[in-house]
Structure formats: structure tokens, C-alpha cells
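Read through the structure below, which is laid out as C-alpha cells, and then see the notes.
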Amino acid sequence: MNLPGPTRLVLWIAMTSSVIAGLLVLSVTDLDVSENAASPLKLPFYLVGIFLFLSGQSLRYFSNSVRDQNGKPKIPSWISLAYLIALAITEAVAILGVVIGLLGGSTVEYLPLFALSALGMVFLFPALFFRVESVIAEK
């Protein structure tokens, strides 16, 4: 499976927009929660969020570091699948932020997860993820 360039961009825009939409939903929703149920979940969600962020970025690194027997960059057959998985994993970080927000967490509590997810999406821009294709095309 090899995704054409425009499809990659559309997927990236859609996944990035969902991160922004989640933040907008929480900012306009006035939840009346008497006690903050998100407090015990905050630290585990932050740790899982950091792990997911690093997992998504490691997929980008590994897909761009594949070499053939001569040491030249090679496009792996699984690069499109890795891209889809990296996008989904990075979006999951924002979903953790939505959960914290819906459980009564304040903006200060869920905003770091959204910021981490947004940063991950910037790094997963198609031109950066599929950098190996441009390196091979230059040679």
C-alpha cells in the first residue's frame, strides 16, 4: 500500500483538525463537575501520552533510516502503514486530553496533552515523514 502525496496531506489535515476540534470542544463546553475525577488519572495519562508521542516519532525515524545492502536510503514497503499508525498514535495523545477535560480537569491539566499532540502532528507533516523519498529522488 503506497499513499499518493495528496492523500497523505488530506489525512494529515484531517487528523490535525481533530486535535484542534477536541481542544475547541473542551474550551466551549461548560462542564459542571463538583469534584475533579481527573486528578488520579493525570500522571498516568501524562506518562502514556509521552510514551505515545515518542512511539509516533520513532516510527518516523525508523521509516527514514532503512538502508539497502549498499548503505543507500531505501523506501520501505511499509512506510504508508507506519504513517497511518503514527498519525493515530499521535492523535491518541489528544484523546487522553479530552478524557481529562471531560472528567473535570482544568485547562492547565489537559492542555499539555493537546500541545504534545499538536507538536507531534507538526513533526508528522508528510514532507517530513516521507523525507526518504525526496532523498532518493535527488540521487
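Read the figures in this text as sums done on the coordinates, not as results from a lab. Predicted model, so just to flag it, every value in this text is computed and none were measured. With ideal geometry, Cβ positions are generated from the backbone for all residues, glycine too; neighbour counts draw on all protein chains shown.
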Give me the angle, in degrees from 0 to 90, between the Cα long axis of helix 5-28 and the longest principal axis of the Cα atoms of the chain, rounded to the nearest 10. 10
About its Cα centre, how strong a charge dipole does the range 1-97 have in debye, to the nearest 20, once Lys and Arg get +1 and Asp and Glu get -1 at the Cβ? 700
Semi-axes in Å, largest first, for the range 1-54 (Cα gyration tensor, √(5λ)) are 32, 18, 6
What ranking, highest mean first, results for peptides 114-122, 23-31 when packing means the other Cβ atoms within 10 Å averaged over each residue? 114-122, 23-31
So if the hydrodynamic radius of the range 62-133 is defined as the Kirkwood radius over C-alpha pairs, what does Stokes-Einstein give as its diffusion coefficient at 10 °C and 1.306 mPa s, in µm² per second? 115
Could you state the angle between the C-alpha long axis of helix 39-64 and the longest principal axis of the C-alpha atoms of the chain, as a value from 0 to 90 degrees rounded to the nearest 10? 10
Computed over the chain: longest principal axis from alpha-carbon atoms vs helix 107-123 long axis, angle to nearest 10 degrees, is 10
Rg(Cα) / (2.2 N^0.38 Å) computed for the chain, rounded to two decimals: 1.23
